[in-house]
Amino acid sequence: MKSRNSMTIILVLAIAVTTLAFGSQSQVTRNWFGFEPQANANIPDHILYDRLFRMIISFKRKAESQTISGEKAIGLTNYFKNRANLNDEENRILQSVALEYIQELAPIDAQARTIITQTRQTFPNSVVPREQPPPAELVNLQEQRNALALRYRDQLQYALGADGFAKFDEFVQRDFASRFQAIPLSEVNFNQAQ
């Protein structure tokens, strides 16, 4: 079951990234996996807030690189501030919490990459069979990662206060979550996706 959850998380994130690069989610999933994705189906908070924090830092880094090259980066810098209708202090808090999350997440992700690489090396052509469960260490790291995202969500809630967080979480659950689409793992044709 945990293997299915991990794969679903990976697929949701993959669709989100490929959508940004190649077009609409429906188009990407129809072309790559051969089926129409379902409308947003209550994405768990650990996935939403992980993706949110990652996007905030990605936008921040992109804005910093544009500023260095002399381009205006105000749209990236204030993207979530404008979309979630945050004031300057709320935006500063959001940026700070996101950065702390990414910094604490980095060693967990590095450890996971090492385990994944080692696991792949034990199989011919570095291809892990679909029925192979993930190593227990990797499952443990995924659980740590999920808990970390929720802990930083809670830290954001504390820092913004009840009313501020309620307004922001409404944005996350309604607007931000609407950018994701759930793909039932049972409908994915892995042979076609490769």
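Quick notes on this one:
- Spread over its residues, the convex hull of the C-alpha atoms of the stretch 99-149 is 78 Å³ per residue.
- Carbon plus sulfur fraction of accessible area for the stretch 50-162, probe 1.4 Å, in percent: 51
- Accessible-area order (highest first, 1.4 angstrom probe) of the listed residues ASP50, ASP109, ASP88: ASP88, ASP109, ASP50
- Percentage of interatomic Cα-Cα distances in the stretch 137-179 larger than 14 Å: 59
The values are calculated or read from the model by the stated rules, or taken from the named source; none is laboratory data. All of these numbers come straight from a predicted model, not from anything done at the bench. Areas reflect the complete protein model, heavy atoms only, side chains present, ligands, DNA and RNA absent. Shrake-Rupley method; radii C 1.70, N 1.55, O 1.52, S 1.80 Å.
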